[in-house]
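Here the structure comes first, spelled out in C-alpha cells, and everything after it is commentary.
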Amino acid sequence: MPRRHFVSDLERLSTPGALGPFISDLKRGDDDGSFLFTFNPHRYGVKSVEVAGTVPELSDYPKDHLLFLYTTSSDAPTYASRALEGLELGSANLEKAILKVTETFQRALAAEDADEYGDEYDYEALDDEDDGSFTGWEDEVLNTHGSDNSMLNDLGPNTDEKKKRLSRDLRNDLKQARAAGFKVGVLGDYKGGMNFFVSLGIRFGKLGISEEAATAWKLDKAKYLILVIHYSNYYQTIARLAGENGGYHARKGIIMCVGTGSRYKPTLREAIAAFTTVNNEVQGAQNNGALDPLELGSDAPRELRDGDFESIFISGPLNQLLNTHLVPVVKYRMHYGFGWDGAELYFNANQGKECSGSEAISDKYYEEQPSKHNITLKPIVMADALADAASSSSVSFPLVAMQFTLRHLVRCTEFCLVCHNKVSTDFEALKPYVCSSPLCLYQYMSLGFGPSIEYEIVSQPAVVDLLVSFCYTAAKAGRLETFPDGMDLKVPSTTVYKANFHRYKSELQFDDETGPSLKEGDWIVITIEGNSSDEWCARIAETGSWPTVKVAQPINTRIVVGPQPSIILPNPSKSSVSSEETVDTSMIPGVTDIRPVQFRICDDSFDALAIPCKRTSIVNMLNTLPPVSEMKAWLQKNTNPGDELSLRKWRNRISPSAVGLLRWVIASNRSCIVPLEDSEDAAKSGFLPVQGMSSEWKQFRFVMGAPDKEQRFVNSVNDAKKRLNLKYPTLFAFHGSPLANWHSIIREGLHFKQTLHGRAFGHGCYHSLDLSTSTGYSNSHPHGQGVVTWPQSELKIHTALSLNEIVNAPSEFVSRSPHLVVAQLDWIQTRYLFVQVFKQQDHNSDSTTPLTPPTASKTVVSATFKLDPSRIHPQDPSYTPRGGSGSFLVIPATPTTRKRLGVTPDGDIEMLDAPPLDQYLPKVTGKKKKKQKLGGSGISSTVTNLFAAVVGSFDDVASDDWEDASVTTDVEDLLALLSDQEEAPPVIESKAKAKAVPNKPSRPDEFIPGSLDISNITFLAPPSYASSMASKRLNSDLQSIIKLQKTQPLDELGFYINPDLVDNVYQWIVEMHSFPEHLPLVKDMRSKSPVVRSIVFEIRFGPQYPMTPPFVRVVKPRFLGFNQGGGGNVTLGGAMCMELLTNSGWSAVSTVESVLMQVRMALMDEERAARLERGAVGSYGVGEAVEAFKRACRTHGWAEPEGMDVFLGQT
C-alpha cells in the first residue's frame, strides 16, 4: 500500500546515519504525509537548518506523488532559502528527495564561499566523475551521498594532482603526530577529501595526572583522551589555516571536539553525533557569548547509542576554546614568534582580531609566564611542535591542536573555564573554576558550564550536605568572604505590600483592584505583622483571578523544615496547586482561615547588597532548601529515563535563586571530597576509613591543592628521605579549625595567611598528634553562639578537622612541641576529612542551639572490615596520631601512598602491591592473540611490512604502553599513513627485481581462480532490499578488492572474489586459500579427495551497512566445532564467532578488505587450530549457520546486528 510504503521509508531512513552525516532527526510530522529533518553542514560558523516536507496525496506515493519542501527555521540562512526556491523534486521518493536537498545545500554553500571569499583552489562548478560502477547495478542505487563526487567542490584544474597533494599533506601530518607519541585514526572518506574525521588519542595514564586529580576530574586513566577534528571541505594544513589567502575559508571547514573512550578513536556514528552537538555549542558561543547549557560535558554520564565515546568533565570549555581560540592563537605564534602564553595573552588583549604587520608588539608577549607546575609535568604535556620546528608552516596541525588540548587539560586549574585567561589567585586548587569576572561566573553557573548539581545530589548526597553546611555556617558566623555575584540572584525588595492570606486555599486576597504587579513565577516573602521571628517564601502560581492570587505552599525560612503534618485541600479541583503539594496549615499560624499578612517581592539584585546583608540573604535562601535526601528522592521520582535531571522543574518548592546558590556552593568547591565506607567493596577500590576513630566521626577522602601538588609532595618526601636517611618518610597529624573556616579551606587549601588563634609557636600550619587537641581548636565558635548548623542538614556537623600526611622531618619544622608547625606547604598533603555528626532530636529546635559533643565513653572503634597487615601504612612510633580514647590510629595504605612504600636507590617511585596490568586493558573475548611477526604472507603481512618500512616497527604500532599497553591500531589507520605508491604491490615488486627471487614451487592445494563450482551449494536467498548508503560503500569496497586482486599475487593476498559470481552487491562469495603450509588446516585440505583448494565463504550485507556488520559464514567444507576439538573461530553451524561481526565490536569504518583479513587470521590461529571434519567434504545449511551465530552472541553477551533476521530472510 502507498501509505505503508511511505511509513516504511520514513522508519528506515530515521535510523542514525542512514542518510549520511549531514542529515539528522528525521521524524514524522503532525499531519499525515508530513515529515521533518535537520540539515547540519558541520562547518564552523554555518547554521543548521530544519526542513519540513509533505506529500499531499499518499495514495500516489512513491511514483506519481508530489512532494513539497520548505524551511521551518525563522532565521533560515540564505544558502538554504535560495537552494529550496529553485529545487525541483518531481515524484522523487523520500530518500532521493532528502539526498537531493543535501546535494543542493552543499552546492549553495560552495557557491557562497566562491562568491564571498575566493580560494587558491578555485572552488567552481562541480563535475560528476565516473564512479566505475559495475554493470547490472542500477545507477540510482549507486548514486548516494557517501563519497559521491557530485557533492564535492571541484578543486579546479588538475583536480587529481591537488587531491594527491592534500592526501600527502594529511599523511605527513599524521606521521608527525604518531612520532610525537599519539595514536592516530581516520574516519570517513579521507582520500576523497570531503567530510572526514581525524582523531588523535593518548591514554590518560600517560599524562602524569595524579590519582587525586583523576578522581576529582572523574577520569579513567585506562581510557584515552581523544581529540577529533572534522574536515568538511578537504584537509587543511597549518600553513593554509594561518594563511592570509583562503585562510578564512579553510577555517570554516574544520571543527574540533574532545572526549574519551576505551579505544583511541570513536566510531563513525559517535563522531557524527558528537559534532552535531559541538556545532550547536559553537553557534551558541558565537551568538550568545556562551555555550549550550544542556551539552557541556557535565559530570553526569550520558547514554550513548553505541561504543563509549563521551565527554569529559571540561569537554564543553575545551570545545569552545579549540573552535574559537586555537587557529588565531596559532596564527599569532607563526606570524610573531610568540610562545603559547604570549599568543593567548595577545589574543585576549586584541579580541582575536587579524594580525597587522604595522603594529608594534609589546615585549610582554614574548615573556613566558613562569609556573612552578612546569617542573612536574610530563614531557609529552610540555612538548611544543611549533617551537621545536625549523619551519612552522610544515608542522602538523592535528599535533599542534592536541598539544594545545593537553596544555589546557592537564593545567586546567591555571585557566578560567569561560574566558580561558590565566587565573590570578594566591592559592592552589584541584578543580578548575572561573576567574573573578562576574560575567564568567554567570556563564559558568547560570548557563550550565559547571558540574551537574543534580548528579552530585544523586551520587554523593553526603558531600552536598557537607558543602551546604560549611557555607551556611560561614555565612551565619560572618566568615563568608566570597559571594555568588553576577549570577542574577534575586532577594526581597524593601517595598512592603499588604494582603489577606487564605490558609486553606493558599491565596493572597487584595481589597481592591489596585495592587502590586505580580506575575506567575515571582517569589515573595511573607511576614505577619508584629511577628518578626518567622518569615515564609512562596511562588506565585496563578494571577488570572485578580484580586485573588494563587501561591504555592509557603516555606518557613527561619525554622527547621522537617517532616510536618499536611492536609488535603477542601476543594482540590478549584486549586491551582498540584495534589502532591498539599498546604500545611501550620506554616502560617492563625485562628481563622484568613490572616492579614505583609509581603515583599523578590526582585532586587543580590549583587547590590552590602556584605553583611549578603551573608544574611545566603542564610535565608539556604533555609528554603529541602534536605538533600528529599532533593535526591524528588529527582529520582520525577525524572523519566533519558531525561535530564533538573531541580528547576521543582518550581513550587525551590526558587531559581536558591537553585543558583546551591549550584555555586557545589561548583565552587575546588577540592576532592569522597565518602569512605568500611566494606569489602571499599577495600577493592583501595580506599578504606581510618581505624581508631569513634562512630560519631564521618570520614571522607580529602585532597586539595593543584593537580601536581601530589607530585611536589612526593618530590619533597624523596628529597627528605635521601637527605635524612628516613626509615619512615612521612607522618600523619590532625589539623583542626572552626567550622566557619571550612568553606574557605576546601576552596583555597591550607595556608597561614590569617592569624585566628595566635602564632605563639611560629608562623606555619599547625598540627597535632592528638585528636582532642585539634578538636579543641575546631570547637571555638564566634561570639559564643555555639554550633551553627544548616537546619535541613542530616549530618548535623559539629566539628571538622583533617588528617594530613607530612614529610617526617620534625627537626626542620618551625616547632615540634607542643604542636607540629610546618611552614613548607609542599610538605603537607591532606588525606582525610573527619566531621563529627549528630542525629537531630527535635525538628522544632532552633538551628543555633548548642549541641553537646560526645564524651570519651561513647568512643567506639569502627572496623567492620579487618585490614590485611600488608595494607596498613607503616608509621613512625614516635609520631603516631591518637584517636579520642587515646588509642593509636590504624591508617590504610591507599594506592597513592603505596606508590611510595618502596623507593629505589636512585629515588624513583616504585609501585608496590600494584594491580595486574590486564585490569586496565580492554577485555578481549575469545582466544588470546599472538604478537604478529614481520615477514608473513597475506594482506596483513603486506600492510605490516610496508608500515614497518615506511613508519616504524609493527611492534610500535600494535602496542603502545600504559603502562605500557594499548589496543591494536586499525588497519585503516595504518594504511592512512602510507602513500598510494606504498600501498600498491608494485613497490614490492620493484624491490623484488633488485634481488633475484627463485620461482615458488607449486603446492598440492595451489589455488586456481575461477574454478569454483557453486551449482551444488545452497546460499541465502538473494536480497530484495537496497539503500544508497550501503550500495555506494559496497561498490567502492568491491572495486578496491578487484583492483587489488589484479595487482597483488593471489597467494600473498590469501582470498579471492570472482566478479562473475557477484550477481548482487549485497551478497558476495569469497574464497580463502594459500594458508601457511605448517597449519593443520592445510594438512586436512590436502587429505581430501579431490584436494580442497579454498574455503568458501558467503558474506551478506544489510541495508544499514556500514553502520551494521555483515553476516559471514563458511559454506564449505565443514569444520570441527569447538566441542569437537576444532577452532579458527568457526562455529558448529559454520558461522564465524567473532565480536568484530556483531554490534558490540563492529566499527563503521571497517572495510570488507579488513574484515576478510581478520577472518583469515582467525582461521590461521595456531593456539586453537581450525580443523576440517573427517570424511567427505560437506557443506553447511543456511539455517544452522544463522542459529549458530545467534547462539554465539547469546553465549558471549554480544549484540546482534540490527534487523539481522530481515536481511538474512529469516522473517
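Points worth noting:
- Filtered by the rule that a residue be aliphatic (A, V, I, L, M), in a loop (DSSP other than H, G, I, E, B) and at pLDDT 90 or above, the range 1079-1119 gives 1079, 1091, 1092.
- Tally, over the range 1031-1053, of residues that are in contact with a strand residue (DSSP E or B) (Cβ under 9 Å, 6 or more places away or on another chain) and touching a residue at least 60 places away in the same chain (Cβ under 8 Å): 3
- Checked against (1) within 45 Å of the chain's Cα centre (by Cα); (2) part of a loop (DSSP other than H, G, I, E, B), residue 1056 passes all but a single condition, namely (2).
- Hits in the range 872-889 - residues which are among the β-branched types (Val, Ile, Thr) and at pLDDT 90 or above: 880
- Filter pass, residue 46 being surrounded by 15 or more Cβ atoms within 10 Å (Cβ to Cβ) and more than 26 Å from residue 1025 (Cα to Cα): yes
- Restricting the range 30-43 to residues that are assigned to a loop (DSSP other than H, G, I, E, B) and not polar (S, T, N, Q), the residue that is surrounded by the fewest Cβ atoms within 10 Å (Cβ to Cβ) is 30.
- The set of residues in the range 20-29 being buried (at least 17 other Cβ atoms within 10 Å of the Cβ) and either at pLDDT 80 or above or hydroxyl-bearing (Ser, Thr, Tyr) (or both) consists of 23, 24, 26.
- Failed item in (1) under 11 Å from residue 94 (Cβ atoms); (2) crowded, with 17+ Cβ neighbours inside 10 Å; (3) at pLDDT below 85, with residue 5 passing the rest: (2)
- Restricting attention to the range 1120-1131 and to residues that are of a type in the set (S, T, N, Q) and not in a loop (DSSP other than H, G, I, E, B), the residue that is farthest from residue 1082 (Cα to Cα) turns out to be 1123.
- Lone qualifier among 549, 496 - being buried (at least 18 other Cβ atoms within 10 Å of the Cβ) and over 19 Å from residue 663 (Cα atoms): 549
- Qualifying position, being assigned by TED's automatic domain parsing to the domain that holds residue 1133 and in a loop (DSSP other than H, G, I, E, B), among 1178, 1183: 1178
- Those residues of the range 1029-1057 which are buried (at least 23 other Cβ atoms within 10 Å of the Cβ) and small (Gly, Ala, Ser), in sequence order: 1030, 1031, 1054
- All positions within the range 600-645 that are more than 13 Å from residue 457 (Cα to Cα), part of a helix (DSSP H, G or I) and of a type in the set (Val, Ile, Thr): 611, 616, 618, 619
- Scanning the range 500-538 for residues that are in a loop (DSSP other than H, G, I, E, B), touching a residue at least 60 places away in the same chain (Cβ under 8 Å) and over 19 Å from residue 620 (Cβ atoms) returns 503, 504, 505, 506, 516, 518, 521, 529.
- Residue 1091 β-branched (Val, Ile, Thr), touching a residue at least 60 places away in the same chain (Cβ under 8 Å) and out of contact with any Lys or Arg (no Cβ under 9 Å at 6 or more places or on another chain): yes
The values are calculated or read from the model by the stated rules, or taken from the named source; none is laboratory data. All figures in this text were calculated on a predicted structure; none of them were measured in a lab. Every residue, glycine among them, receives a Cβ derived from its backbone with ideal geometry; neighbour counts consider all protein chains shown.
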